[in-house]
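Report on the following structure.
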Amino acid sequence: MRRFCWLWLLWGCKDGSEIAEGKPDPQVDSDTSGDMPFDSGDSEPLPVDNDADGYDSRDDCDDNDAAVHPDAVELCNGKDDNCDGVGDLDTDGDGLRECEDYCPIYTLWGASGDGRSISPVGTIQEGIDLAGASGCNEVRSSGGTYYENIDFHGYPVNVESLSGPAYTVINGQAAGPVVSFQTSEGPDSRIYGFTLTNGAADGGGIKVYTTSPTIEGNIITGNVAQGNYNVGGGIWSFNGSPTIIDNEISENDACWGGPEDGCDGGGIDARGGEPFISGNHIVDNTAGDGGGIWLAHSDAIIVNNVIAGNLADDTAYEDSGERDRDGQGGGIDVQLGGPVGPTITNNIIQDNSASAIGGGIVIYEDKDGYGDGIVANNTVIYNRIIDTDYGAGIAQFRRTDPIIYNNIVAWNDGPGVWSEDEIDTLFTYNLVYDNNPDYGGLMDGSGTGNFSGDPAFTMVSADGAWDNDDLHLKVGSPGINAGDLTVFDVVDGTRSDVGAYGGPAGSW
């Protein structure tokens, strides 16, 4: 017969018959008061704190070691000291245990650690300075809002968010540029995956001063130009050659506080240098000139962008003697070319407005020794001019001589193509259709290969929204294989189509 002989000194031993007969067993806590080792209805022992460290076995991953518990400091000792499940693992596979791994440097707003993933620093600036000084050169930022203005201080540091721009925000508190690159930074100085907002400076979102950083995958929105020049609501690049790729640059204003005379580059202002601007959505920005992009003395490459819904509305100072509204370049304003001139290719330039000159694009002013650039394989539609007839789609002004070919210019509210000078010989193989009117100024479309006809886009509407259109050409479009005879499509190797998806850069 099975016998129960616990605590025999106090109770003695009893056989199973007494229990079977329903008699109370003093070895069982029948009233569930917790004063005995077992409850009558539970076969598991009550929690105990064997090592007397203040944590019982439910929370303590080693209840026989008083130094191990959830509030312990993680040490590199082969144990999971703080019971977080990480311990001394090498989670990123770089050969270093997590507890000793100081690269990348991790940030979490308001934290006060040393930069390890288990102990992040509290600001991105701390992360940049620590990474740069240690040679780690990698910063990873957890989601949340960081209230700071950061400067890369010349360090070749790659700063990435862990949660993406929708969940990781740097708020510049209207205290200067949100991000500054102004100390010889090169392409290895990179910011990726943040929302940059509430900056107020020349370059409210990002200031690039004689440097060449990488600006990738960010949302740059709600910034204003405020400073010595009032330029670059989203990004200001002065004699720099930044790589600006795959960003959303939206709702920035170069004319904060007005009047709007002299405030340039709502989305991007580039003065000098060779910026590479590709794959961005530059939308709904505002400036006096260059609602989307403003260039001066720059050899910028502008390719595969959507430039839409931007406004150039330059309001003159009172009693200045200038036209009351003189905004130029709703989408892009090339004020002066660089030594070679800008290259503007394979962009969608849509629904932009200028009060005076060039609703979509204007090549505005020439200077001896500088190039006026190339405008090729763009789709320029539904742009408008407000107060004049100086080119709702593409405008040429003041002795410039840009090379313009393989573009689609359609449905613009004002002259589709307007020229102050005779440049027909430089205007070739363009589809110009249903503008109001098609040509203005000294343009008549007599250059080689120009033609008319409905472009036959896959999907397009005049609803003012660019993001529900598909501007690829349908089978049977007159724009297929109708471009310059010496230019070929990257997709199929045939003679180039016209518009944003034709030519060597048309595969985006």
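For the reader, a short list of remarks on this structure follows.
- Packing-based exposure ordering (other Cβ within 10 Å, fewest first) of M459, M443: M459, M443
- Cβ-based net charge around P120, under 12 Å, with every Lys or Arg adding one and every Asp or Glu removing one: 0
- Ranked for footprinting exposure by Cβ neighbours inside 10 Å, fewest first, W256, W294, W418, W508 give W508, W256, W418, W294.
- The stretch between T494 and A175, if pulled fully straight at 0.36 nm per residue, gains 109.6 nm over its current Cα-Cα span.
- Cut-off 9 Å between beta-carbons: net charge of the residues surrounding R384, Lys and Arg +1, Asp and Glu -1: -2
- With K and R counted +1 and D and E -1, the other residues having a Cβ less than 11 Å from that of F181 yield a net charge of 0.
- Averaging the sequence gap over all C-alpha pairs within less than 8 Å and six or more residues apart, then dividing by the number of residues, gives segment 174-468 a relative contact order of 10 percent.
- Residues V121, V68, ranked from the fewest to the most other C-beta atoms within 10 Å, line up as V68, V121.
- Taking the Cα centre of segment 450-493 as origin and assigning +1 to Lys and Arg Cβ atoms and -1 to Asp and Glu Cβ atoms, the resulting dipole is close to 160 debye.
- About the Cα centre, charge dipole magnitude for segment 147-292 (Lys/Arg +1, Asp/Glu -1 at Cβ), debye: 240 debye
FYI, it's all coordinate maths here, none of it is from the lab. Predicted model only: the values in this text are computed from it and were never measured. Methodologically, a virtual Cβ is constructed for each residue, glycine included, from the backbone with ideal geometry; neighbour enumeration extends over all protein chains shown.
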